[in-house]
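Chemist: Sharing a structure, written as structure tokens. Questions coming.
The values are calculated or read from the model by the stated rules, or taken from the named source; none is laboratory data. As the structure is a prediction and not an experimental result, all values here were calculated from the model. All Cβ positions, glycine included, derive from the backbone under ideal geometry; neighbour counts span all protein chains shown.
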């Protein structure tokens, strides 16, 4: 990124916040992002954005694994449940997990597609 302000805007979109204190090294504007203080003048902001992408991919993968595990648990509970009202609750929960799993897979496909177009 050529303009540090462009990088700062991208980091703010991803949850970064501007700090009131100036950089002690150069007097530039500082931001806090993922627990780190970053100077928008001196630090490589694009590296911080790349790190975020890797973290997003890992988070999505972890969420997918959790949803699959929960699908298994709830489907086993449903097979053993005789109470129709409890079955309805479990079916509703299964539907929500399936939708969440589809969203995870769609997000993963969108990420891969955008990676191919930017390379």
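Chemist: Scan 19, 63 and give me the residue that is surrounded by 13 or more Cβ atoms within 10 Å (Cβ to Cβ), at pLDDT 80 or above and in a helix (DSSP H, G or I).
Modeler: On the way: 19 fails: in a helix (DSSP H, G or I).
From the options 19, 63, the qualifying one is 63.
Chemist: Residue 68: assigned to a helix (DSSP H, G or I), at pLDDT 85 or above, surrounded by fewer than 14 Cβ atoms within 10 Å (Cβ to Cβ) and touching a helix residue (DSSP H, G or I) at 6+ places or on another chain (Cβ under 8 Å), yes or no?
Modeler: Details: assigned to a helix (DSSP H, G or I): yes; at pLDDT 85 or above: yes; surrounded by fewer than 14 Cβ atoms within 10 Å (Cβ to Cβ): yes; touching a helix residue (DSSP H, G or I) at 6+ places or on another chain (Cβ under 8 Å): yes.
Answer is yes for this residue.
Chemist: Against the definition (over 26 Å from residue 102 (Cβ atoms) and either in the same structural domain as residue 102 (by TED's automatic domain parsing) or surrounded by fewer than 13 Cβ atoms within 10 Å (Cβ to Cβ) (or both)), how does residue 82 come out, yes or no?
Modeler: Spelling it out, residue 82 is indeed over 26 Å from residue 102 (Cβ atoms) and either in the same structural domain as residue 102 (by TED's automatic domain parsing) or surrounded by fewer than 13 Cβ atoms within 10 Å (Cβ to Cβ) (or both).
Chemist: In the set 87, 95, which member is touching a helix residue (DSSP H, G or I) at 6+ places or on another chain (Cβ under 9 Å), in a helix (DSSP H, G or I) and modelled with pLDDT of 95 or more?
Modeler: Testing whether each residue is touching a helix residue (DSSP H, G or I) at 6+ places or on another chain (Cβ under 9 Å), in a helix (DSSP H, G or I) and modelled with pLDDT of 95 or more leaves just 87.
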